[in-house]
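Each reported figure results from applying straightforward, stated rules to the coordinates on display, with no laboratory input. Everything quoted here is computed from the prediction, not taken from an experiment. Cβ placement follows ideal geometry from the backbone for every residue including glycine, while neighbour counts extend to all protein chains displayed.
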Number of protein chains: 2
Amino acid sequence: MARSKRTTREKLLDAAEKLFARRGFHGTSLRDITGEAGVDLALVNYHFGGKKPLFAEVLERRGAVLNEERLRRLAEVRRSAAPRPASTEAVVGAFFDPILDFLAHAGPGWHSYFTLLAWVNNSPEWGRRLMSKTFNDTVREFIRALMQSLPDAAPEDVFWGYNFLTGALTLSLAETGRLDILSDGLCRSTDVAALKARLGPFVAAGLKGLAQRKALRDG
Amino acid sequence: MARSKRTTREKLLDAAEKLFARRGFHGTSLRDITGEAGVDLALVNYHFGGKKPLFAEVLERRGAVLNEERLRRLAEVRRSAAPRPASTEAVVGAFFDPILDFLAHAGPGWHSYFTLLAWVNNSPEWGRRLMSKTFNDTVREFIRALMQSLPDAAPEDVFWGYNFLTGALTLSLAETGRLDILSDGLCRSTDVAALKARLGPFVAAGLKGLAQRKALRDG
DNA sequence: GTATTTATTGAACGGTCGTTGAAGTTTAAT
DNA sequence: ATTAAACTTCAACGACCGTTCAATAAATAC
């Protein structure tokens with residue numbers, strides 16, 4: 001029964017991922033989800049124990065995969081830079097590229113997942129705690145790498161810089177379509193290649209600017 | 001009766017602003033709002049015609065004030081730099097500082113409002129259209145000023161840069177508390193002064209980095 | 001093949017949702 | 001003071017919410 005069990009669970013997770021990303025937690029009903037998944041309403045509570053645990057499972061399912069890939073790339077850029085610390089550009093690349101590559105080459109599930117991540121990250125609700133639980137260990141490792149790449153920066157500047165970095169990332173992942181409107185169609189929110197070409201340079205330059213601000217202040 | 005009418009309307013707008021910011025549109029009921037405001041449930045439909053129109057009014061009420069202050073400061077920095085274009089730092093300052101100053105010195109209503117703005121900006125829901133309607137004219141003016149301050153930058157780079165800029169801002173306004181956790185208390189999400197000291201330099205450096213990338217590519 | 005666990009179904013529960021309309025109250029105009 | 005308009009109250013509507021449970025079906029173990 002392991003096969004059919006997995007299938008129903010996955011149907012529910014996929015449908016929930018898609019709809020939660022589109023309309024948020026409170027805006028999506030279990031009937032929406034089970035309808036989209038084509039399974040009975042009661043199966044959500046049977047397999048997950050409720051709406052919130054389902055949401056948590058959606059968030060964590062791909063989180064482990066993303067963390068693994070990020071840490072793999074971080075180790076890679078560290079190895080090729082050794083014995084010097086990896087450059088700021090390389091570290092932010094290791095942070096962004098897994099997401100952007102999944103977006104460009106993996107299935108639509110990843111797309112919904114990142115939209116959902118953007119939603120949860122900027123919402124003041126309980127779901128944020130799940131995000132911290134899933135991602136903080138990996139994020140701390142990246143912040144450490146950023147500090148090593150910016151020896152002149154104050155730790156506070158790197159923490160704040162990470163905050164700006166993830167803000168720029170999550171708004172881009174949300175694909176609000178405002179970019180399209182403001183640029184009269186010149187740029188497209190969904191253009192992953194354009195995003196990939198610019199997000200890294202912007203953030204790396206911003207971090208270095210913060211570090212320089214500190215160095216200037218110290219004289 | 002104009003007096004008492006205004007009072008009830010404002011009570012409702014203030015309560016809605018606070019609760020929408022905290023729990024989002026779908027997570028807040030009209031009974032929550034009218035309870036917080038201390039008025040009868042039916043008054044929402046009497047004064048605003050429904051839940052969505054109430055939400056729209058909350059979003060637009062302070063939007064006009066913010067736009068006015070932003071354009072005022074933009075004109076100011078342009079005037080003091082004339083006949084040269086205003087610097088990138090000055091333009092992003094004119095964009096950020098009204099928010100940060102309102103946050104630091106105006107009432108708690110503004111605080112809720114910006115949290116709500118952060119929520120709406122990153123959500124894929126219908127509310128985003130209201131944001132575009134309220135802010136796009138002002139934003140276009142700022143993008144124009146950014147382009148003038150960065151004559152070497154491609155327009156696409158400035159549009160994408162604005163996207164990153166507003167992402168960094170909105171995540172900071174959301175005050176998710178993740179900064180506090182990641183930094184073990186060294187930094188605080190609610191520290192407006194620390195944010196103000198860093199957001200401008202980060203973004204200005206990022207924009208210049210994007211422009212430089214373009215210049216380098218052109219040789 | 002029988003027993004046992006695992007999975008699915010369908011109906012229903014109490015509760016809350018946004019909205020409405022009729023009745024009542026307060027304020028403004030004449 | 002009387003009429004008209006604006007505002008408030010109260011009760012209720014139908015719809016939808018997440019969750020539960022006894023039943024049935026399917027898959028596995030013995």
Ratio Rg/Rh [Cα only; Rh per Kirkwood] for chain A: 1.03
Convex hull projection area averaged over all views, the stretch B:54-98, Cα basis, nm²: 3.2
Equivalent-ellipsoid semi-axes of the protein assembly as shown, from the Cα gyration tensor, Å, largest first: 34, 31, 19
Average projected area [Cα convex hull, the stretch B:15-60], square nanometres: 2.7
On Cα atoms only, tilt of A:2-23 relative to the major axis of chain A in degrees: 60
Three principal axis lengths of the stretch A:153-196 [C-alpha, angstrom, descending]: 40, 18, 15
Nearest-first distances (nm) between copies at B:Asn136, label 7 Å from Cα via Cβ: 4.0
In sequence order, calculated HN-Hα J values of the stretch A:72-83 (Karplus, 6.51, -1.76, 1.60; Hz; x Gly/Pro): 4, 6, 5, 4, 5, 5, 5, 5, 6, 9, 4, x
Two-decimal Rg to Rh for the stretch A:142-219 - Kirkwood Rh, Cα set: 1.09
With Cα atoms, 0 to 90° folded angle of helix A:155-174 axis to chain A main axis: 40
Taking all pairs of distinct alpha-carbon atoms in the stretch A:54-180, Kirkwood radius in angstrom: 15.4
Residue-by-residue Karplus 3J(HN,Hα) for the stretch A:38-49, coefficients 6.51, -1.76, 1.60, Hz, glycine and proline x: x, 10, 6, 4, 5, 6, 4, 6, 5, 8, 10, x
Length-normalised contact order of the stretch B:41-159 in % [C-alpha pairs under 8 Å, at least 6 apart]: 30
Using a 7 Å Cα-to-Cβ projection, B:Arg31 label spacings across copies, nm, ascending: 1.8
Rounded to 10°, Cα long-axis angle of helix A:108-122 versus longest principal axis of chain A: 70
Length-normalised contact order for chain A - Cα pairs under 8 Å, 6+ apart - percent: 21
The stretch A:1-94: radius of gyration over Cα atoms, expressed as a fraction of 2.2 N^0.38 Å: 1.51
